[in-house]
1. Could you check how many residues of region 132-145 are in contact with a Leu (Cβ under 7 Å, 6 or more places away or on another chain) and assigned to a loop (DSSP other than H, G, I, E, B)?
2. What are the pairs with Cβ atoms under 6 angstrom where one residue, in region 103-116, is closer than 25 Å to residue 67 by Cα and in a loop (DSSP other than H, G, I, E, B) and the other, located anywhere, is modelled with pLDDT of 95 or more and open to solvent by less than 10 Å² (accessible area, probe 1.4 Å)? Sequence gap at least six, or different chains.
3. For region 115-170, what are the residues that are open to solvent by less than 40 Å² (accessible area, probe 1.4 Å), over 20 Å from residue 104 (Cβ atoms) and modelled with pLDDT of 95 or more?
4. Could you please find all residues in region 117-131 being assigned to a loop (DSSP other than H, G, I, E, B) and under 15 Å from residue 68 (Cβ atoms)?
5. Among residues belonging to region 136-176 that are out of contact with any Asp or Glu (no Cβ under 6 Å at 6 or more places or on another chain) and charged (D, E, K, R), point out the one that is nearest to residue 113 (Cα to Cα).
6. Quick check, is residue 9 closer than 20 Å to residue 153 by Cα, in contact with a helix residue (DSSP H, G or I) (Cβ under 6 Å, 6 or more places away or on another chain) and in contact (Cβ under 8 Å) with a residue 40 or more places away in the chain?
7. Filter region 87-102 down to the residues that are in a helix (DSSP H, G or I) and open to solvent by less than 20 Å² (accessible area, probe 1.4 Å), then identify the one that is nearest to residue 39 (Cα to Cα).
8. Here is a list of conditions, (1) touching a residue at least 24 places away in the same chain (Cβ under 8 Å); (2) exposed (fewer than 15 other Cβ atoms within 10 Å of the Cβ); (3) under 22 Å from residue 178 (Cβ atoms), and residue 28 meets all of them except one; can you say which number that is?
Amino acid sequence: MKIAAIIGSTRKESYNLKIAKHIQERYRDRFSVDILEIGGLPFYNQDIENDPPEEVAEFKKKVADADAVLWVTPEYNGSISGALKNAIDWLSRVDQVMIGKPSWIVGASMGALGTVKAQSHLRDILFAPGLSSPVLPGNEVLIGNVHEKVNDEGKLVDEATISFLDGAVNNVVHWLEKQFFVHN
């Protein structure tokens, strides 16, 4: 199974990027994760959507080629980041590569509530007509106080969080296999 991971933070030392890398490494025997860069995407512009810049075309192709999308989002001012919204806007236009493509949402923040508001907003956005991406309900991964759960080398080390993530991954893999992939 091939997963495209889209990280909502463009910060080099992003906790959400660290979580995505943890998922990429820990579950590599269950699926492959391609972490996509969104920081270099130009602002969405309808004037060029039919002939987008190369970085946009490549980004959309990687998402189109994936079996599912893992969204790893921070929470900025109670919502998703502008960079993430811009990437979503590109994905929702012209060839609409997200329609019917399953999504999984994870988020980490330094606050106690994780990214509950951002994830709620992201779910709403993913249900928009240009995206229509199914999301497994009841499988929220809200990693609060993330700075206390990652070591100095940037590795997720909190056993309770890792165990919870193991369960969430099991849920999502089962859902994807049952709902989207037919096995012979």
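The values are calculated or read from the model by the stated rules, or taken from the named source; none is laboratory data. Model, not experiment: these values are computed from the prediction. All Cβ positions, glycine included, derive from the backbone under ideal geometry; neighbour counts span all protein chains shown. These accessible areas exclude ligands, DNA and RNA; they are computed on the full protein's heavy atoms, side chains included. Shrake-Rupley method; radii C 1.70, N 1.55, O 1.52, S 1.80 Å.
1. Total satisfying the criteria: 2.
2. As it stands, the answer is 115/73; 115/107, since those pairs meet every condition given.
3. The answer is 150, and nothing else.
4. 131, the sole residue that qualifies.
5. Looking at residues that are out of contact with any Asp or Glu (no Cβ under 6 Å at 6 or more places or on another chain) and charged (D, E, K, R), I get 140.
6. Criteria met by residue 9.
7. Applying the filter and picking the extreme gives 87.
8. Among (1) touching a residue at least 24 places away in the same chain (Cβ under 8 Å); (2) exposed (fewer than 15 other Cβ atoms within 10 Å of the Cβ); (3) under 22 Å from residue 178 (Cβ atoms), the lone unmet condition for residue 28 is (1).
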